[in-house]
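Asker: Before I ask anything, let me first share the structure, which is written out below as C-alpha cells.
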C-alpha cells in the first residue's frame with residue numbers, strides 16, 4: 001500500500017473517486033501529508049505522525065509507512 005497505485009479507484013487524501021481527474025490539490029498536498037483514506041476500499045485510516053515519519057493503517061488492507 002505504500003506507494004500510490006496508478007489504477008487505484010479512490011484518492012488517498014480526500015477519499016473521492018480517483019478516476020475523475022479533479023485531484024490537483026490532493027497531488028500537491030500528498031508530498032507533505034500522509035494518506036488519510038485507503039486507496040483500495042475508501043476507508044478512513046488511522047494515521048500517526050512522528051518526527052521520523054508516519055504510519056497509516058487500514059483495518060482491511062494493513063499499514064503503509066512514509
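Asker: Within region 6-26, how many residues turn out to be assigned to a loop (DSSP other than H, G, I, E, B) and in contact with a strand residue (DSSP E or B) (Cβ under 6 Å, 6 or more places away or on another chain)? Write out each step before concluding.
Answerer: Step one: of region 6-26, the residues assigned to a loop (DSSP other than H, G, I, E, B) are 6-9, 11-16, 21-23.
Checking the rest, the ones that are also in contact with a strand residue (DSSP E or B) (Cβ under 6 Å, 6 or more places away or on another chain) come to 12, 15.
Summing the residues that are assigned to a loop (DSSP other than H, G, I, E, B) and in contact with a strand residue (DSSP E or B) (Cβ under 6 Å, 6 or more places away or on another chain) in region 6-26 gives 2.
Asker: Report whether or not residue 49 is modelled with pLDDT of 90 or more and either out of contact with any strand residue (DSSP E or B) (no Cβ under 7 Å at 6 or more places or on another chain) or assigned to a helix (DSSP H, G or I) (or both). Spell out the reasoning first.
Answerer: On the way: modelled with pLDDT of 90 or more: yes; either out of contact with any strand residue (DSSP E or B) (no Cβ under 7 Å at 6 or more places or on another chain) or assigned to a helix (DSSP H, G or I) (or both): yes.
Considered against the rule, which asks whether it is modelled with pLDDT of 90 or more and either out of contact with any strand residue (DSSP E or B) (no Cβ under 7 Å at 6 or more places or on another chain) or assigned to a helix (DSSP H, G or I) (or both), residue 49 comes out as yes.
Asker: Next question. Of everything in region 1-18, what is surrounded by 14 or more Cβ atoms within 10 Å (Cβ to Cβ), modelled with pLDDT under 85 and over 8 Å from the mean Cα position of the chain (by Cα)? Give them in sequence order.
Answerer: If the condition is that a residue be surrounded by 14 or more Cβ atoms within 10 Å (Cβ to Cβ), modelled with pLDDT under 85 and over 8 Å from the mean Cα position of the chain (by Cα), then 1, 8, 18 are the ones that fit.
Asker: So, residue 60, is that one modelled with pLDDT of 90 or more and either at positive phi or not in a strand (DSSP E or B) (or both) or not? Reasoning before the result, please.
Answerer: Values: modelled with pLDDT of 90 or more: yes; either at positive phi or not in a strand (DSSP E or B) (or both): yes.
The answer is yes for residue 60.
Asker: Here are the criteria: (1) more than 15 Å from residue 9 (Cα to Cα); (2) modelled with pLDDT of 90 or more. Tell me which single one residue 38 does not satisfy.
Answerer: (1)
Asker: Quick one: what pairs do we get from region 26-43, first residue on the phi > 0 side of the Ramachandran plot, second surrounded by 15 or more Cβ atoms within 10 Å (Cβ to Cβ) and in a loop (DSSP other than H, G, I, E, B), C-beta under 6 Å, 6+ apart or different chains?
Answerer: Between residues of region 26-43 that are on the phi > 0 side of the Ramachandran plot and residues that are surrounded by 15 or more Cβ atoms within 10 Å (Cβ to Cβ) and in a loop (DSSP other than H, G, I, E, B), the close pairs are 42/15.
The values are calculated or read from the model by the stated rules, or taken from the named source; none is laboratory data. Predicted model, so just to flag it, every value in this text is computed and none were measured. We place every Cβ from the backbone using ideal geometry, glycine too, and count neighbours over all the protein chains shown.
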